[in-house]
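The values are calculated or read from the model by the stated rules, or taken from the named source; none is laboratory data. Quick caveat: nothing in here was measured; it's all calculated off a predicted structure. Cβ coordinates were reconstructed from backbone atoms using ideal geometry, including for glycine residues, and neighbour counts include every protein chain displayed. For the accessible areas, the whole protein counts, side chains as well, though only heavy atoms, and no ligand, DNA or RNA atoms are used. Shrake-Rupley method; radii C 1.70, N 1.55, O 1.52, S 1.80 Å.
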Amino acid sequence: MTFSGTNREKKGGQRVAVVFYALAALFALYCIGVIASKAAGTKFFLVWLAAAFLCAGTGFLLQKGLWERLPQPVRATALAVLGAGLACFLAVEGLIVSGFFAEGSGKLPYIVVLGAQMKENGPSVALAKRLDRAYEYLQENPDTLCVLSGGKGENEPVSEAEGMYAYLVEKGIGADRLILEDSSRNTVQNIQNSRKLIPDDIENIGIVTSNFHVFRGVRLAKANGFSEAEGIAAPSGVYFLPNNMLREFFGVMKDWLFGNM
C-alpha cells in the first residue's frame, strides 16, 4: 500500500512537471521574442529568462520525485508562501488594471505627460502613444497647459521632455502651452519635479501615461499634493503587455514599501 501511494505521488508529480516545463518553454520564447523585437527600453525582460529557469528547475524536482522527499512542514510552508505571493500579485494587478480605461474629465488646468524612452528617430512606440493621447486632450481642451516630464537617459539622444516638445509642436500644439521638466529619471521624480512647475493651489491635474502605468502615476500624484489627480490612459501594445504588467507590479510594490504613495 505504501509503495502504491508513493508511486501515485510520483506519477502525479511527473504530470505536474510537464506543466512547469511547458511554462519554462513559454517564458523563454517570450524573452527571445522581446529581444528580437529590439523595442525594449530596459533589460527587465530578462526576468522571463529567470522565470524559465525557475520553472524548469521546479519541473526537474517534481519529475525526479525530490519534492515528495522534502519534510511535510517544508512543503506546507513553501506552498503557503507561494499562495500568499500569488494572492498579492493578483490583487496588485487588479489595481493596475483599474486604471486602464481612465479618460480624465474635461477642462483640467494642467496635464502631465510622463516620459518614456526617446530613440534616435523620435519617441518610442509607448511614448508616441502617450503623446498622441495628450494631443487629443489638448485639442479638446484649448485652455489646458501641459507639463512634459522626463530627463535624458544614457541611451537617449535628447531628454524625453525635449523629444515630447518637438513631437507636439510638430503636430500643431502651441509652444506656449508646453512646460518642460527635463531632469527626472523615474516616475517618482516625474511627479515631484512637475509639482514644482505647477502653482501650489492647483490640485486637479491629469496624468497622461500608458494604461498599465495610470494607477501608480495617479497615486503618486495624490501623494504629492495633487489631491484631485485623474488618469488619462494611453493604449499600450499587446505583445509587451505581459512584460509591462509584471514590471509595473514591482514598481507599485517598491513605491508602497518606500512610502512614495
Quick check: is even one residue across segment 131-142 in contact with an Asp or Glu (Cβ under 8 Å, 6 or more places away or on another chain) and closer than 21 Å to ALA221 by Cα?
-> no
Residue that is farthest from CYS146 (Cα to Cα), among those in segment 224-258 that are modelled with pLDDT of 95 or more and in a loop (DSSP other than H, G, I, E, B) = PHE258
Among residues of segment 116-163 being polar (S, T, N, Q) and open to solvent by less than 20 Å² (accessible area, probe 1.4 Å), the residue farthest from VAL188 (Cα to Cα) is ASN141
Considering segment 225-235 alone, what residues qualify as being within 30 Å of CYS31 (Cα to Cα) and surrounded by fewer than 21 Cβ atoms within 10 Å (Cβ to Cβ)?
-> PRO235
ALA221 fails exactly one of (1) closer than 26 Å to GLY122 by Cα; (2) hydrophobic (A, V, I, L, M, F, W, C); (3) not in a loop (DSSP other than H, G, I, E, B), namely (1)
Per the filter on segment 164-181, residues closer than 18 Å to LYS129 by Cα and outside any helix (DSSP H, G or I) are LYS171, GLY172, ILE173, LEU178
Within segment 178-197, which residues are buried (at least 16 other Cβ atoms within 10 Å of the Cβ) and within 19 Å of LEU138 (Cβ to Cβ)?
-> LEU178, ILE179, LEU180, GLU181, ASN190, SER194
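Open to solvent by 20 Å² or more (accessible area, probe 1.4 Å), at pLDDT below 95 and not small (Gly, Ala, Ser): does that describe LEU82? Show your work before the answer.
Numbers: open to solvent by 20 Å² or more (accessible area, probe 1.4 Å): yes; at pLDDT below 95: yes; not small (Gly, Ala, Ser): yes.
Yes.
If you take the residues of segment 106-115 that are assigned to a loop (DSSP other than H, G, I, E, B) and out of contact with any Gly (no Cβ under 7 Å at 6 or more places or on another chain), which of them is surrounded by the most Cβ atoms within 10 Å (Cβ to Cβ)?
Step one: of segment 106-115, the residues assigned to a loop (DSSP other than H, G, I, E, B) are 106-109, 115.
Then drop every residue that is not out of contact with any Gly (no Cβ under 7 Å at 6 or more places or on another chain), which leaves 106-107, 109.
Details: GLY106: 10, LYS107: 10, PRO109: 16.
Among residues in segment 106-115 that are assigned to a loop (DSSP other than H, G, I, E, B) and out of contact with any Gly (no Cβ under 7 Å at 6 or more places or on another chain), the one surrounded by the most Cβ atoms within 10 Å (Cβ to Cβ) is PRO109.
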Kindly list, by first and then second residue, each pair from a residue in segment 120-148 that is farther than 21 Å from GLY41 by Cβ to a residue that is open to solvent by 10 Å² or more (accessible area, probe 1.4 Å) and assigned to a helix (DSSP H, G or I), limited to pairs with Cβ atoms under 6 Å and residues at least 6 apart or on different chains.
-> LEU145/ARG177; CYS146/ARG177
Output the qualifying pairs, or none if there are none: Cβ atoms under 8 angstrom, residues six or more apart or on different chains, first residue in segment 219-237 and without any contact (Cβ under 8 Å) to a residue 40 or more places away in the chain, second residue part of a loop (DSSP other than H, G, I, E, B) and surrounded by 21 or more Cβ atoms within 10 Å (Cβ to Cβ).
-> LYS222/ALA229
